[in-house]
Amino acid sequence: MILIGYLPDFILLSKLKFLVRMADDDINGEDYPAEIHDYLSAFENSLGSVDDMLKTMMSVSRNELLQKLDPLEQAKLDLVSAYTLNSMFWAYLATQGVNPKEHPVKQELERIRTYMNRVKEITDKKKASKLDKGAASRFVRNALWEPKSESESKSSNKAKRRK
């Protein structure tokens, strides 16, 4: 994993906020087109949401949180955390003029996505209904119409005639 721990995300988040504020100040100075202002404002709001989520996540110790979760949920939490940190680093690289597609962070994001898909497969398998083969065969056997043999139909016709 390229980014480890909680400290880098706060540093990265503060740098991204700083860049947005600088861009916002520059918009007033006419250094950027006016159309970008709405995008930057939305981005700043999104960063505020991320900041709030990180603060909430940091308010509970990691060990406490992991004890409350089953292993599958722990894996999901770890993967989402790693993906979020690396995505934020991707955005940081883009703001610094570095092409993130040529940086090792791209391979890291792909690796995390692979593990996320594995966890999704496991979750889907858990949710899939189990087939009771015996019950299914009884259901199919009783639901299918079977024609009576000629001897059975003759005997039933004789019984009908007697009445």
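Quick notes on this structure:
- The range 24-122 shape via C-alpha gyration tensor axes, a/c threshold 1.5: oblate
- Remark: relative contact order (the range 32-118) = 24 percent; criterion is Cα-Cα distance under 8 angstrom and separation of 6 or more residues.
- Based on Cα contacts under 8 Å between residues 6+ apart, the range 70-128 shows a relative contact order of 41 percent.
- Each of 94, 74, 84 was placed along the dipole of the range 56-108 (beta-carbon charges, centred on the mean Cα), and the one lying farthest toward the positive end is 94.
- Taking only protein heavy atoms and a 1.4 Å probe, the accessible area of the range 70-128 is 56% carbon and sulfur.
- The range 70-128 - charge dipole about Cα centre, Lys and Arg +1 at Cβ, Asp and Glu -1, debye rounded to 20: 220 debye
- With 31 Å as the limit, the listed pairs 76/101; 68/126; 76/133; 68/125; 55/125 have 76/133; 55/125 beyond it between alpha carbons.
- Average accessible surface area per residue within the range 70-128, 1.4 Å rolling probe, Å²: 64 Å²
- Rg ratio (alpha-carbon, reference 2.2 N^0.38 Å) - the range 70-128: 1.34
The values are calculated or read from the model by the stated rules, or taken from the named source; none is laboratory data. All values derive from a computational prediction rather than experimental measurement. Virtual Cβ from ideal backbone geometry, glycine too; neighbours counted across all protein chains shown. Side chains included, ligands, DNA and RNA excluded: accessible areas come from the protein's heavy atoms. Shrake-Rupley method; radii C 1.70, N 1.55, O 1.52, S 1.80 Å.
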